[in-house]
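Undergrad: Attaching a single structure in structure tokens format; questions to follow.
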Amino acid sequence: MHHLLRAALPAGLALTLATLTACVEDGQTTIEPPDAGSADAGPVDTGPLDAVQPDAVQPDAAQPDVGASDAAPPDSACSFTADDLDPLPEPPRHTPRWAFEPWISKDISDRADTLAFVQGFRERDIPVGVVVLDSPWETHYNTFVPSPERYGDFEDLVAGLRADGVRTVLWITQMINQTGLDFEIGGDRYRGPSPNLAEAEACGFLVEDGRQFTWWKGLGAGIDFFDPLAMAWWHQQQNRVLDAGIAGWKLDFGEEYIKVDPVETAVGPVPHQQYSEAYYRDFLAYGVQRNGVDEFVTMVRPYDKSYEHEGRFFARPEHTPVGWVGDNRRSWEGLIDALDHLFRSAAAGYVVIGSDIGGYLDFEDVGAIPGPAVPFEWEVFARWTAQGALTPFMQLHGRANLTPWNMPAEDGDTVAIYRDWSWLHQALIPFWYSLAEQAYRGEGGPIMRPIGNGIDDWTDDWRYMLGEAFLVAPLFAPGGARDVALPAGYDWYDWWAPAADALPGGQTVRDTHGADDFGRIPLYVREGALVPLNVVNDVNGLGQRASEGHLTLLAYPGDVESAFTLIDDDERPTRITAILGDGGATVALERTLRPVLVRVKWHGAPIRRVTVGEAEAPVQPGFAALAALDGPGWWAEEETRSVWIRLPAGDTPVSAVLDTAR
């Protein structure tokens, strides 16, 4: 859930900040959300009515009352104590493998709708690894207590999703509210202040001596991350959902609404930026300490410029296991803004980053808020899907709660496009994870590598590399065709024309693949690239179901030896190399933790022999026969001008030599 007090009220329902403040000063602590049937309510894009899941939260559904106005307040004196006030250790830089799987999210949901949402992807064979429960999910802002009306039997929900291979991430901020607000249709009502506010005030756990600030979820104060006792209290409240097995927090930028700089804390005034960074560090550090570095992440903003706020970096790179640039409009301008923020973040050293596919906002956020509606454009969604899949972090999220199967309008098969790109992103997990670990160890740059030396070079181009393997040229305007400058010094292979000859670098080509197919954007592979994949089906033409259980390796050898360090499933590095030679090519691996299916790009004379180790490998009649072997073998795939080789699992170095001579 995003910043909807100023930034997302339906037209005609704009409650000004001054009005909200006046309500609280007059003692009115219950603010009613908009009545879905109100004649003043502006239009909300929810997609075709016949596409709504039967258990979904309906716009005219009664909004649960989750407040507790008759709860007895705690004594005015602070009684909270804690034995362990030691500072949390610095969390290691790490993004677990599962965090590279596709994520999905909705703005307003509940238990039944969440399960139906996940099931919708399952039924359409679209991979999902994480579901984000955005606000509202708790009893108030912010209690960390799941709403029993909205997400009853929370522990069972999280466990059931985990059993289905889907982890749960919860939205949260660092604010504790006097007055709670959900202005979105289908939101909750909150009676009275958050139940934990009185104790926080009595104990002095809030910055600025408890001063309250208006933010998009009401009126509240910020927790003090510089007070060790306050942090012990804050962490204790998180334990229930952490122990239920949630896999992370989506940390929204509530601290942006603490409109003072410096911020008064337990250690005195600190710069607002320092307070902001402490917020993101603490949630990550405690979650990692409680649940483990391989089972917990935070999803945070790297660089972001949204609404009336000036652009800045939020969490530090080392506290950003997953970075998302959010709150972009669902338009070409929004896609360009997302690229701008992604490029700034990558250039600053953020490693695992992405955006809200299709754009989050369905209204203009420049000038008066809310601005005019931003109409849905299917081509924007299709192009953004491709670009979003070609970033390390892939997430579907938007105010309209769209899914690939409930588009308001479409000019192509959205489900097929989203499915294809999701499976490619999923298959690339060994590639994403290895590059991330190398970056965290100081052995490589960020995964996403902008081409150019700053905003002047990036604007109106937006090409970037993924590691040293892929050149991505996003489509950020209608039409589907664009010029692509191929960097000099290497040959390049067109991903969409696998049988074509390499294109020399240093030239500009006119790429029209996107004009012929809305599911494509310009994508090229650099000579020398080595790309490890986990392929389990035939969706992307990179293998078959028989590929499951193997590591798939795409090799594009060049005249100079190239190398890639795979961080394998046992977390040990495996060095892979490839090089062209006289009349052939060689691909070598230090070890093979599991069997490997290598696809070697080959455009010379026909390969007559493949030697694996010291023995000649038997040729096979096709891919299925190759994958079914227990030992080595090979097969020439004429339609892609490639040679497939199977290498058995082993702990010792192994090489495959392709030879045009018998």
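The values are calculated or read from the model by the stated rules, or taken from the named source; none is laboratory data. In this text the structure is predicted, and so the values were computed from the model without any measurement. Here the Cβ is made from the backbone with ideal geometry for all residues, glycine too, and neighbour counts use every protein chain on show. The area values use the complete protein model at the heavy-atom level, side chains included, leaving out ligands, DNA and RNA. Shrake-Rupley method; radii C 1.70, N 1.55, O 1.52, S 1.80 Å.
Undergrad: Quick one: pull the percent of accessible area on the chain belonging to carbon and sulfur, 1.4 Å probe, ligands and nucleic acids left out.
TA: 49 percent
Undergrad: Right, something else. Could you tell me how far the Cα centroid of the range 537-581 sits from the Cα centroid of the range 482-530, in Å?
TA: Answer, in whole Å: 20.
Undergrad: Could you order S79, S345 by accessible surface area, starting with the largest, using a probe radius of 1.4 Å?
TA: S79, S345
Undergrad: How much solvent-accessible surface does D516 expose, in Å² to the nearest 10, with a 1.4 Å probe and all protein chains in place?
TA: Approximately 130 Å² for this residue.
Undergrad: Here's another thing I want to ask about it. From the phi angles alone, apply the Karplus equation (6.51, -1.76, 1.60; θ = phi - 60°) to the range 366-377 and give each ³J(HN,Hα) in whole Hz, x where the residue is Gly or Pro.
TA: 10, x, 4, 10, x, x, x, 5, 9, x, 6, 10
Undergrad: Can you tell me how much longer the chain between R211 and A588 gets when fully stretched, taken as 0.36 nm per residue apart minus their C-alpha distance, in nm with one decimal?
TA: Extra length available between R211 and A588 comes to 129.4 nm.
Undergrad: How do R97, R482, R240 rank by accessible surface area computed with a 1.4 Å probe, from largest to smallest?
TA: R240, R97, R482
Undergrad: I need the shape label for the range 499-567. Rule: rounded when a/c is under 1.5, else prolate if a/b > b/c, else oblate, with a, b, c from the alpha carbon gyration tensor.
TA: oblate
Undergrad: Using 7 Å Cα-to-Cβ label points, what is the D413/D294 separation (nm, one decimal)?
TA: 3.8 nm
Undergrad: Label L629 and I455 with points 7 Å out from Cα along Cα→Cβ: what is the distance between them in nm?
TA: 5.5 nm
Undergrad: Roughly what % of DSSP beta bridges within the chain run antiparallel, to the nearest 5?
TA: Once the DSSP bridges in the chain are tallied, antiparallel ones form about 70 percent.
Undergrad: Run the numbers for E638 and Q119: contour at 0.36 nm per residue of separation, minus the present Cα-Cα distance, in nm.
TA: Gain in length upon complete extension: 183.0 nm.
Undergrad: Let me ask another. Given just the C-alpha atoms of the range 171-227, how large is their convex hull per residue in cubic angstrom?
TA: Here the figure is 81 Å³ per residue.
Undergrad: Just subtract the alpha-carbon distance of A499 and Q274 from 0.36 nm times their residue separation and send over the number in nm, one decimal.
TA: 75.7 nm
Undergrad: Read through the labelled values (i) 227; (ii) 154; (iii) 192 and report the label of the one computed as volume of the Cα convex hull per residue in Å³ from the structure.
TA: (ii)
Undergrad: For the chain, what is the accessible area per residue in Å², given a 1.4 Å probe and the full set of protein chains?
TA: Heavy-atom SASA per residue in the chain reads 36 Å².
Undergrad: For F213, what accessible area in Å² do you get when you roll a 1.4 Å probe over the heavy atoms of the protein chains, rounding to the nearest 10?
TA: 10 Å²
Undergrad: Something else now. With n ≥ 4 as the cut-off for DSSP H runs, can you work out [θ] at 222 nm for the chain, using -39500 (n - 2.57) per run divided by the number of residues, rounded to the nearest 500?
TA: -6500 deg cm²/dmol
Undergrad: Quick check: pseudo-label points 7 Å beyond the Cα along Cα→Cβ at N540 and A266, how many nm apart are they?
TA: So the label points at N540 and A266 sit 4.7 nm apart.
Undergrad: What accessible surface, in Å², does a 1.4 Å probe find on V415, ignoring ligands, DNA and RNA and rounding to the nearest 10?
TA: 40 Å²
Undergrad: Now a separate question. Report, please, the projected area of the range 271-352 averaged over directions, based on the convex hull of its C-alpha atoms, in nm².
TA: Answer in nm², one decimal: 5.8.
Undergrad: Please work out the FRET efficiency for the pair A488 and D570, using the Cβ-Cβ distance as r and a Förster radius of 51 Å; give the result to the nearest 0.05.
TA: FRET efficiency, A488 to D570: 0.85.
Undergrad: Now, a different point. Could you name the lysines whose alpha carbon sits less than 26 Å from that of K250, not counting residues in the same chain fewer than 8 places away?
TA: The reachable lysines, counting only those whose Cα sits under 26 Å from K250, are K106, K217, K259, K305.
Undergrad: Hey, with R₀ at 45 Å, roughly what FRET efficiency would H603 and D164 work out to, going by the Cβ-Cβ distance, to 0.05?
TA: Efficiency at R0 = 45 Å is approximately 0.55.
Undergrad: Moving on to the next point. Using heavy-atom solvent-accessible surface (probe 1.4 Å) with all chains present, what is the largest-first order of R572, R290?
TA: Heavy-atom accessible area, descending, gives R572, R290.
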